């Protein structure tokens, strides 16, 4: 009983992650009823992004140019390569202002159950990139989730076998964390990786 | 440090209700990385819906034709008019298969704090529609939320002043509901509106 154009829009909105039939309907009503200009902008931005966004040839992050700004920068330390899962992680790393090397963005993490294997996260490209002769250390900055850990382990083994220095972000109690409220796994890691003062 | 096309897409996605900056970024990555065809379909569906979907001249629901299927149907009882807030509510009413009259879809509810007044929910059109000479009863089927109740009250007063019969959906214990777990407001209503057997 719904018009076909509305039905199609609701179905199309369901491609968004975390959006089920009810949210999709709510979004469609909102766009059509209260924010038609926003809907036009969204349609345009989607088309524009699909046409203009590619992956940086070096770091695999989204980029409009063949090589992204970070990889093209001359102020970066080209001997360090941080491996992150997603562009959002890249942004977080940049926000810390404590890392001045280059990146490789996997655009995912190993997750066989979701059909995401070594191919989908471009491990072959990462290995070629890491073996360019300039990179000396690869810093594994994937998440500390089971998938992120498995991804870090796999990449670490592959790169160590090729003679590269590989490191992993430190695990431990977060800044401002109180021992009473930190989960025991984190605390156990913090004890094991304790630093000499 | 993000490419402009990506930045624009993330901002554009934030027009969707309930989508903040982090979800918008996650959606953009997902579309660009894992579902480019879905993104194309979405852009197309948005454009198509914006061009082809209008409001039914009679019931105000979304429609591709000037008068929607329900309003145009000859099998409907034109003496009853149910007033609902959103197309989703219209769909729910239809799903009950217990109502064969016509509808008026407000496309919202009175909510002065959100800037939604009588004009935004088309009260003038509703009154003209209800006074077409054929409608005998207006059934207020807005939600039982504070805004929905206020909307029903306002519409009810306006229509009763013009001599129309006005009714409201019954309040009470839901089917399968156990008194122990029903909130006291609902139970109080169920006692007050008790039916003679």
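For the range A:56-74: of the residues being loosely packed, with under 14 Cβ neighbours inside 10 Å and away from chain B (no Cβ under 11 Å), which is farthest from residue B:9 (Cα to Cα)? Applying the filter and picking the extreme gives A:74.
Matching residues to (1) farther than 26 Å from residue A:92 by Cβ; (2) free of Cβ contacts under 8 Å to residues at least 60 places away in the same chain; (3) more than 7 Å from chain A (Cβ to nearest Cβ); (4) out of contact with any helix residue (DSSP H, G or I) (no Cβ under 8 Å at 6 or more places or on another chain):
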residue	(1), (2), (3), (4)
B:9	no, yes, no, no
B:14	no, yes, yes, no
B:20	no, yes, yes, yes
B:26	no, yes, no, no
B:29	no, yes, no, no
B:36	no, yes, no, no
B:39	no, yes, no, no
B:44	yes, yes, yes, no
B:54	yes, yes, yes, yes
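Within the range B:95-116, the residues that satisfy the criterion of being more than 9 Å from the chain's Cα centre (by Cα) and within 18 Å of residue A:29 (Cα to Cα) are B:103, B:104, B:110, B:111, B:114, B:115, B:116. The combined condition, being more than 7 Å from chain B (Cβ to nearest Cβ) and farther than 30 Å from residue B:90 by Cβ, is not fulfilled by residue A:49. Based on what the data block shows, is residue B:156 closer than 23 Å to residue B:100 by Cβ and either in a helix (DSSP H, G or I) or in contact with a strand residue (DSSP E or B) (Cβ under 7 Å, 6 or more places away or on another chain) (or both)? Judged against the criteria, residue B:156 is a match.
Taken as a whole, the structure leaves residue A:81 outside the set of residues that are at pLDDT 90 or above and facing chain B (nearest Cβ under 9 Å).
Conditions (1) in contact (Cβ under 8 Å) with a residue 12 or more places away in the chain; (2) part of a helix (DSSP H, G or I); (3) over 14 Å from the mean Cα position of the chain (by Cα), marked per residue:
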residue	(1), (2), (3)
B:125	yes, yes, yes
B:129	yes, yes, yes
B:135	yes, no, yes
B:142	yes, no, no
B:152	yes, yes, no
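The values are calculated or read from the model by the stated rules, or taken from the named source; none is laboratory data. Note that the structure is a prediction, hence the values are computed from the model and not measured. FYI the Cβ positions are ideal-geometry reconstructions off the backbone, even for glycines, and counts take in every protein chain you see.
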